[in-house]
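The values are calculated or read from the model by the stated rules, or taken from the named source; none is laboratory data. Not measured: the values here are computed from a predicted model. We place every Cβ from the backbone using ideal geometry, glycine too, and count neighbours over all the protein chains shown. Side chains are part of the model used for accessible areas, which takes the heavy atoms of the whole protein and leaves out ligands, DNA and RNA. Shrake-Rupley method; radii C 1.70, N 1.55, O 1.52, S 1.80 Å.
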Amino acid sequence: MEDCIFCKIVAGTIPSYKVAENQLAFAFLDIHPANPGHTLIIPKRHAENVFETTPEEWRAIADLTRELSIAVEKAMNADGLNIKMNNRVHGGQDVMHAHVHVVPRFKGDGVVKPLVQKPAYHEGGAEATLEKIKAAL
Ligand code: 5GP
Ligand code: ZN
């Protein structure tokens, strides 16, 4: 994709701090880290979000994400770690090339918990939700 900043990073036409790659996925440091070591894992091919990745691409992203989670936590001597992905505008996505965030966490780092969760399901809510998801599988 011509105008995609992450496609340009994969192609090397704009610079990045490359961390690692495999056949279908590429990883580099986020330019505005939540904490040092914050890494983004992306498909090499332009896919806008998780819905556009192929199963093979997603497996490659997942493999690299796991590998880098282990390395980043160890390298940064972190106390914890978040794996996060925003999809579509209303899912909080700013850059429209799929990416998984790996964020090392430190005690008292002040980085907010990614999701603010709500009270438990009302009566019958969990069952109805489960049915909808299972029907979509
Ligand atoms: P999103 O909000 O879409 O999940 O995250 C986009 C991420 O991309 C942000 O964390 C932002 O700091 C990072 N980012 C945006 N532009 C660039 C860039 O040019 N280079 C790098 N390395 N990271 C970028
Ligand atoms: Zn792209």
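Take the Cα of Asp109, step 7 Å along the line toward its Cβ, and report every residue of region 38-82 whose backbone nitrogen sits under 18 Å from that point.
38-41, 65-82
In Å², and per residue, what accessible area does the chain have when probed at 1.4 Å with the other protein chains present?
69 Å²
Amide H to amide H, which residues 5 or more places from Arg105 or on other chains are under 5 Å from it, using H placed in the peptide plane?
Under 5 Å from the amide H of Arg105: Asp79, Gly80, Leu81, Asn82.
How much of Met1 can a 1.4 Å solvent probe reach, expressed as accessible area in Å² and rounded to 10?
The value for Met1 is about 140 Å².
For the chain, what is the calculated [θ] at 222 nm in deg cm²/dmol (nearest 500), taking -39500 (n - 2.57) for each run of four or more DSSP H residues and dividing by its residue count?
-9500 deg cm²/dmol
In whole Hz, what ³J(HN,Hα) sequence does region 83-98 give by Karplus (6.51, -1.76, 1.60; θ = phi - 60°), x for Gly and Pro?
Result, rounded to whole Hz: 10, 9, 9, 9, 10, 6, 3, 7, x, x, 7, 9, 9, 8, 10, 3.
Could you tell me which chymotrypsin sites (Phe, Trp or Tyr not before Pro) in region 1-62 are loop residues by DSSP with no more than 14 other beta carbons within 10 angstrom of their beta carbon?
Loop-located and lightly packed - Tyr17.
Can you tell me how region 13-64 classifies by the Cα gyration tensor, rounded, prolate or oblate, using a/c under 1.5 as the rounded cut?
In terms of gyration-tensor shape, prolate.
How high is the relative contact order of the chain, given as a whole-number percent (alpha carbon pairs under 8 Å, six or more residues apart)?
Value for the chain: 22 percent.
Roughly what would the spin-label model give for Glu21 and Glu2, points 7 Å off Cα along C-beta, in nm?
Roughly 2.3 nm, to one decimal.
Compute the long axis of helix 125-136 from its Cα atoms, compare it with the longest principal axis of the Cα atoms of the chain, and write down the angle in degrees, 0 to 90, nearest 10.
60 degrees
Could you give the angle, 0 to 90 degrees to the nearest 10, between helix 55-76's Cα long axis and the longest principal axis of the Cα atoms of the chain?
Orientation of helix 55-76: about 70 degrees from the principal axis.
Ignoring any ligand, DNA or RNA, what whole percent of the accessible area of region 12-52 comes from carbon and sulfur when the probe is 1.4 angstrom?
Looking at region 12-52 in its full context, I get 60 percent from C and S.
Could you compute the net charge surrounding Pro104? Neighbours are other residues with a C-beta less than 13 Å from the C-beta of Pro104; K and R count +1, D and E count -1.
Summing Lys/Arg as +1 and Asp/Glu as -1 gives 0.
Using alpha carbons only, what's the Rg to Rh ratio of the chain with Rh from Kirkwood?
In the chain, Rg relative to Rh is 1.02.
Taking square-rooted eigenvalues a ≥ b ≥ c of the alpha carbon gyration tensor, is region 68-137 rounded, prolate or oblate, where a/c under 1.5 means rounded and, failing that, a/b exceeding b/c means prolate?
prolate
Can you give the accessible area of Lys113 in Å² (nearest 10), computed on protein heavy atoms with a 1.4 Å probe?
150 Å²
Quick one: Karplus J couplings for region 40-54, per residue in order, coefficients 6.51, -1.76, 1.60, θ = phi - 60°, nearest Hz, x for Gly and Pro?
Result, ordered by residue: 10, 10, 9, x, 5, 7, 5, 9, 6, 7, 4, 5, 9, 7, 7 Hz.
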